[in-house]
Amino acid sequence: MGEDNPILRKKTKNVPAVTKEVKKLIKDMVETMKKADGVGLAAPQIGLSQRICVAMIEGKLTALINAKIIKKSKEKEVDQEGCLSLPGIWVQVPRHVDIVITFTDEKGKKQERQLLHFSARVVQHELDHLDGVLIVDYAA
Ligand code: ZN
């Protein structure tokens with residue numbers, strides 16, 4: 001872990017299919033996230049360069065496979081964020097207030113969702129991980 005870990009800086013690859021292995025990976029990620037008392041976790045944080053993350057969305061832990069943002073508000077809001085891979089570091093990060101994402105769920109079904117405020121922030125943080133971006137990149 002840490003910002004010098006090369007896997008955290010790599011852009012992840014799309015997942016071609018929701019296999020048993022993918023489901024197992026999601027289960028492991030959920031456990032890791034809960035143990036660490038986090039609100040989201042991306043596959044590179046556990047050493048896998050795959051486009052998978054889990055995130056707390058409207059209070060519900062949701063797995064996002066091949067997620068991408070298809071719409072985002074011009075308006076941003078700034079709030080403090082931490083990261084399970086960067087213990088003790090806190091950064092003021094601007095995020096779009098309102099986003100629409102598409103993703104595949106753990107059953108292999110395509111979904112589209114609008115996210116606001118905290119849920120939008122958590123997902124933008126996790127999607128950054130999938131593109132090799134960390135909160136320290138936003139530090140002034
Ligand atoms: Zn993070």
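Considered as a group, the residues in segment 13-26 that are open to solvent by 20 Å² or more (accessible area, probe 1.4 Å) and within 16 Å of the chain's Cα centre (by Cα) include one that is nearest to residue 133 (Cα to Cα), and that residue is 13. Among all residues of segment 59-82, there is none that is within 12 Å of the ligand (Cβ to nearest atom) and either basic (Lys, Arg) or surrounded by fewer than 14 Cβ atoms within 10 Å (Cβ to Cβ) (or both). Within segment 59-113, the set of residues being polar (S, T, N, Q) and more than 16 Å from residue 14 (Cα to Cα) comprises 62, 73, 80, 85, 92. Screening 122, 133 for residues that are part of a loop (DSSP other than H, G, I, E, B) and within 12 Å of the ligand (Cβ to nearest atom) leaves exactly one candidate, 133. Quick one: count up the residues across segment 97-119 that are closer than 20 Å to residue 30 by Cβ and either within 16 Å of the ligand (Cβ to nearest atom) or basic (Lys, Arg) (or both). Count: 5. Among the residues of segment 1-49, what is the count of those that are closer than 18 Å to residue 104 by Cα, in a loop (DSSP other than H, G, I, E, B) and either touching a residue at least 60 places away in the same chain (Cβ under 8 Å) or among the hydroxyl-bearing types (Ser, Thr, Tyr) (or both)? Of the residues in that region, 6 qualify. Do we have residue 91 as within 12 Å of the ligand (Cβ to nearest atom), open to solvent by less than 30 Å² (accessible area, probe 1.4 Å), in contact (Cβ under 8 Å) with a residue 40 or more places away in the chain and more than 14 Å from the chain's Cα centre (by Cα) here? So residue 91 fits the description; yes.
A quick yes/no check of all residues on (1) over 24 Å from residue 88 (Cα atoms); (2) aliphatic (A, V, I, L, M); (3) open to solvent by 50 Å² or more (accessible area, probe 1.4 Å); (4) within 16 Å of the ligand (Cβ to nearest atom):
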residue	(1), (2), (3), (4)
7	no, yes, no, yes
11	yes, no, yes, yes
28	no, no, yes, no
37	no, no, yes, yes
44	no, no, no, yes
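The values are calculated or read from the model by the stated rules, or taken from the named source; none is laboratory data. Note that the structure is predicted; figures quoted are calculated from it, not measured. Cβ coordinates were reconstructed from backbone atoms using ideal geometry, including for glycine residues, and neighbour counts include every protein chain displayed. Calculation scope for accessible area: heavy atoms of the full protein, side chains included, ligands and nucleic acids excluded. Shrake-Rupley method; radii C 1.70, N 1.55, O 1.52, S 1.80 Å.
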